[in-house]
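> The structure is given below, and queries will be raised subsequently.
The values are calculated or read from the model by the stated rules, or taken from the named source; none is laboratory data. Note that the structure is a prediction, hence the values are computed from the model and not measured. Cβ sites come from the backbone with ideal geometry, for glycine too, and all protein chains shown count toward neighbours.
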């Protein structure tokens, strides 16, 4: 059994700006959990499609029951994600697909996002999102899938707001940036130091766990 969720987000920017901003969205006030991004493949095909592949590393805060069962009291772990994207310049369709590459013995979460110009107003862009979660651990499949869906519904809006924030910064610099909502915004220097320390701690801890690729 798998659980799926379908959602949509409307950006008040044209498709070309949204796609350009997508590649510049890190960092933003909503992505403190993103530790790194690395592009390992990129090419432009003869039919004008930009194909890119990236690896993202992010912190994953576990629920209390996850701390006790899977990571011996550790509140967080590092998640590694493969992001593959195809940007069709002729058809104006930008598709991204992300899936976790470690912790697959517990669960696989795959998200597909499709960005298209709004047919009613081409100064706007519609993003259709679909996520599928599949638990793999016998006896905990439903619990894992439900947890993944609840977390996704909470976080996908923050991810969209993060891109909105960057789009305003890039294309409407004369206006004040939109207010940051739904998260606490710490002092930048303090935040960077804490994130760096946390990343070092998590990387050290992850050496004791087996990553599945």
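> Among (1) at pLDDT below 95; (2) surrounded by 16 or more Cβ atoms within 10 Å (Cβ to Cβ), there is one condition residue 1 misses while meeting the rest; what is its number?
Evaluating residue 1 over (1) at pLDDT below 95; (2) surrounded by 16 or more Cβ atoms within 10 Å (Cβ to Cβ) leaves (2) as the failure.
> How many of the residues in the stretch 162-181 are touching a helix residue (DSSP H, G or I) at 6+ places or on another chain (Cβ under 6 Å) and modelled with pLDDT under 95?
2
> Restricting attention to the stretch 134-156, which residues are within 20 Å of residue 9 (Cα to Cα) and either surrounded by 17 or more Cβ atoms within 10 Å (Cβ to Cβ) or free of Cβ contacts under 8 Å to residues at least 60 places away in the same chain (or both)?
Listed by number, the residues that qualify are 148, 149, 150, 151, 152, 154, 155, 156.
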